[in-house]
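The values are calculated or read from the model by the stated rules, or taken from the named source; none is laboratory data. Since the structure is predicted, the reported quantities are computational estimates derived from the model, not experimental observations. A quick note on method: Cβ atoms are made from the backbone with ideal geometry, for glycine too, and the neighbour counts reach across all protein chains shown.
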Amino acid sequence: MVPANATSILDVGCSNGALGASLREMLPGRRVTGIEVDADFAEQARQRIDEVICADLNTFDWASRMSSRSFDCIIFADVLEHLVDPPRQLRNAQSVLSPGGCMVISLPNVRHVSALYSIFLRGTFPRRDRGIFDGTHLRWFTIGDARRLVHDAGMRVEAMDFTLRVGDKGGGFLNKAVIRVLGPVQHRFPVREFLSYQFCIRAVR
């Protein structure tokens with residue numbers, strides 16, 4: 001989803017820098033800047049990417065911390081669901097988006113069949129240490145919610161991709177079979193809405 005010709009990338013919530021490092025390897029001369037709240041992860045990321053700002057996005061001052069900067073691509077990979085005000089973050093991030101640039105946003109899909117099973121059949125909203133019901137999530141999104149989020153931020157969806165999965169865990173024969181059989185039709189309504197465990201959006205102004 002990251003454009004092949006993007007030479008300056010901002011990885012918001014860069015964790016240990018693994019994603020940024022792989023993006024640097026794909027294009028010589030590409031510069032990757034990260035923002036990360038966890039000090040240990042930020043230190044690890046500094047060994048892998050060009051620059052890391054250790055800060056809490058919920059209180060991040062984009063105007064002062066990112067003045068005079070611009071990026072061809074801004075990535076929010078599994079980040080927005082952890083924030084108090086995701087729309088504000090997208091609007092603020094646009095201030096450092098280059099003309100013709102894009103945002104790449106990935107989110108877990110709360111409409112996934114495993115969520116339906118937990119809530120409607122078992123009658124519980126679980127809290128786990130990973131996945132859709134990660135205990136640190138403050139927000140939950142369906143694909144429709146994410147589209148509205150992008151639209152309300154003054155952007156439009158240019159492309160989407162879906163990670164198909166049957167249950168709450170990846171791998172295994174059943175998931176591989178679903179990907180093989182339904183992958184070609186992943187954009188169709190029932191597959192997209194109920195079997196997408198995670199979805200990724202590329203958005204432009």
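Report yes if Arg165 is touching a helix residue (DSSP H, G or I) at 6+ places or on another chain (Cβ under 6 Å) and in contact (Cβ under 8 Å) with a residue 24 or more places away in the chain, otherwise no. So Arg165 passes the test.
Return yes or no: is Val79 under 17 Å from the mean Cα position of the chain (by Cα) and either closer than 21 Å to Phe199 by Cβ or touching a residue at least 12 places away in the same chain (Cβ under 8 Å) (or both)? Before you say what the answer is, go through the steps one by one.
On the way: under 17 Å from the mean Cα position of the chain (by Cα): yes; either closer than 21 Å to Phe199 by Cβ or touching a residue at least 12 places away in the same chain (Cβ under 8 Å) (or both): yes.
Judged against the criteria, Val79 is a match.
The set of residues in the stretch 62-89 that are in contact with a strand residue (DSSP E or B) (Cβ under 7 Å, 6 or more places away or on another chain) and small (Gly, Ala, Ser) comprises Ser70, Ala77. Counting the residues of the stretch 23-45 that are surrounded by fewer than 16 Cβ atoms within 10 Å (Cβ to Cβ) and of a type outside the set (A, V, I, L, M) gives 6. Across the stretch 153-188, the number of residues qualifying as surrounded by 13 or more Cβ atoms within 10 Å (Cβ to Cβ) and among the small types (Gly, Ala, Ser) comes to 3. At pLDDT 95 or above, assigned to a loop (DSSP other than H, G, I, E, B) and among the aliphatic types (A, V, I, L, M): does that describe Val84? Yes: the conditions hold for Val84.
Val191 meets all of the listed conditions (1) buried (at least 17 other Cβ atoms within 10 Å of the Cβ); (2) without any contact (Cβ under 8 Å) to a residue 12 or more places away in the chain but one, namely (2). Within the stretch 105-128, residues that are of a type in the set (Lys, Arg) sit with their Cβ atoms under 9 Å from residues that are modelled with pLDDT of 90 or more and in a loop (DSSP other than H, G, I, E, B), at 6+ positions apart or across chains, in these pairs: Arg111/Thr142; Arg127/Phe133; Arg127/Gly135; Arg127/His137; Arg128/Gly135.
Inside the stretch 154-205, residues that are within 16 Å of the chain's Cα centre (by Cα), farther than 16 Å from Ala77 by Cβ and of a type in the set (Val, Ile, Thr) make up a count of 2.
Entry remark, the stretch 37-54: residues being assigned to a loop (DSSP other than H, G, I, E, B), within 21 Å of Gly135 (Cα to Cα) and aliphatic (A, V, I, L, M) number 1 in total.
Of the residues making up the stretch 60-79, those that are assigned to a loop (DSSP other than H, G, I, E, B) and not small (Gly, Ala, Ser) number 6. The residues of the stretch 7-20 include none that are surrounded by fewer than 16 Cβ atoms within 10 Å (Cβ to Cβ), in contact with a strand residue (DSSP E or B) (Cβ under 8 Å, 6 or more places away or on another chain) and farther than 16 Å from Phe71 by Cβ.
If the condition is being in a loop (DSSP other than H, G, I, E, B), in contact with a helix residue (DSSP H, G or I) (Cβ under 7 Å, 6 or more places away or on another chain) and among the hydrophobic types (A, V, I, L, M, F, W, C), then the stretch 1-36 contributes Val2, Cys14.
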